[in-house]
Each structure stands twice: as C-alpha cells, then as structure tokens.
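Colleague: Before I ask anything, let me first share the structure, which is written out below as structure tokens.
No value in this document is a laboratory result; all are computed from the given coordinates. Note that the structure is a prediction, hence the values are computed from the model and not measured. All Cβ positions, glycine included, derive from the backbone under ideal geometry; neighbour counts span all protein chains shown.
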Amino acid sequence: MKASQLLLSTACALFHGVTGTPSPPALTYLGSANASLATPIAVGVGPLGPRTIIGITGGTFKGPRFSASISNIGGGDWGLGDPAAHAFYVDARYVMRTTDGANIYVVASGPQQDSGVIHSRVKFETGHPKYSWLNKVVAIGFEYPGPGYIIIDVWKVESPVAGKGEEGKQEL
Ligand SMILES: *[C@@H]1O[C@H](CO)[C@@H](O)[C@H](O)[C@H]1NC(C)=O
C-alpha cells in the first residue's frame, strides 16, 4: 500500500454519526504503569504559564500482552498549570523496556480533572518488529498521582463494531 492510500473498504457498513448516533468504540486494557517521580522542579510562571518539571526515575508496566520496566533516563513530565482554571496539563515522555528487550517511547499528555485524575492521550513509538502494532495504537490513560509515584491505567481504543449503533446505519 502506498503511504498516500487510505483503506476505505474496511469502513463499510458501520454506524457513524452523520445520520444518527454512532456506534461506540470499545476499549481494550493494555496495562498499568507505576512510574516513580523525582521531586518536582518549579520553573515559575513563564509566557505559557507555571511550568513544573518532574523527572521520571523508573517504574514498571504490567499488562496482558507485555510487561516492561520504565527507564530512569530521559523520562519526565513538563507539565503546565493554568491557575485561573485551577487546571494542570501533563506533558510526559519516557521510555519503557519490555522484558524481552524492546525499547518503547511513550508520550502522554492531557488535563487533570477536578477529581484529581489525569486523562491522557497516550502514544507509543518503537522500531521493534514484535511491538510495531503499538505504533498504530490510539490509547487513553487514566493517571492517579500518589506520593512520589503515579499510577497510569492504559486503554487501547478499538474501532466501533458494526451493528452496535442505535440508528443511522449507513454504507460509507
Ligand atoms: C508504586 O511504586 C512505588 C515504588 O516506586 C511504591 O512505593 C508504591 O507503593 C507503588 N504503588 C502502588 C499503588 O503499587
């Protein structure tokens, strides 16, 4: 397939939102991380708001398809606050090394909710053939800050399943 080509044939007979309530996507559990955190460094209020750097110093990831350790090198959160909205936006990146030796780069960013839970968009990048499926994953994370660590539950978004919509079935 050329890079410019989009696969259209697989998108037939799905419910979509143009003519009715679309079919909901399913979520598949990918795993949970416990990332250990360094003492936050407050940079102060710059042009974009109050910036806080929090180093990621290690940790673990465990899931049904793979387990990994989180590298103590190069990982951190470059989060930004919005004092007027009492909001904090995570902007984290780190590297996981799977138990069978693949390096996986992770980027996770998103807002902390009023409940304290952070909702993040999680992206994976790797050149390891066994884990190349992760490059195509669209994932969301629910992040629970603890004292000196953060727990991150990660879910893979699946395509809506034909036949699950309430109305508006349409051939694309
Ligand atoms: C996460 O890992 C830290 C060690 O870095 C540990 O103290 C903490 O209990 C762990 N949290 C959970 C919920 O397992």
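Colleague: Assuming R0 = 30 Å, can you tell me the calculated FRET efficiency for the pair residue 19 and residue 121, based on Cβ-Cβ distance, to the nearest 0.05? Could the numbers behind the result be given before it?
Modeller: Numbers: r = 28 Å, r/R0 = 0.94.
Step by step, r from the Cβ atoms, then E = 0.60.
Colleague: Under 12 Å from a point 7 Å along the Cα-to-Cβ line of residue 114: which residues of segment 77-95 have their amide N that close?
Modeller: Flagged as within label range: 86.
Colleague: For segment 40-91, compute the orientation-averaged projected area of the C-alpha convex hull (one quarter of its surface), in nm².
Modeller: Values: hull surface 19.2 nm².
Spelled out: convex hull of the Cα atoms, projected over all directions, averaged, 4.8 nm².
Colleague: Sticking with this structure for a sec: Assuming R0 = 35 Å, what is the FRET efficiency of residue 138 and residue 45, from their Cβ-Cβ distance, to the nearest 0.05? Working shown, then result.
Modeller: On the way: r = 33 Å, r/R0 = 0.95.
Taking R0 as 35 Å, the efficiency between residue 138 and residue 45 is 0.55.
Colleague: Sticking with this structure for a sec: Using 0.36 nm per residue, how much length does the chain from residue 38 to residue 159 gain when fully extended, once their Cα-Cα distance is taken away?
Modeller: Numbers: separation 121, 0.36 × 121 = 43.56 nm, distance 3.73 nm.
Working it through step by step, the gained length comes to 39.8 nm.
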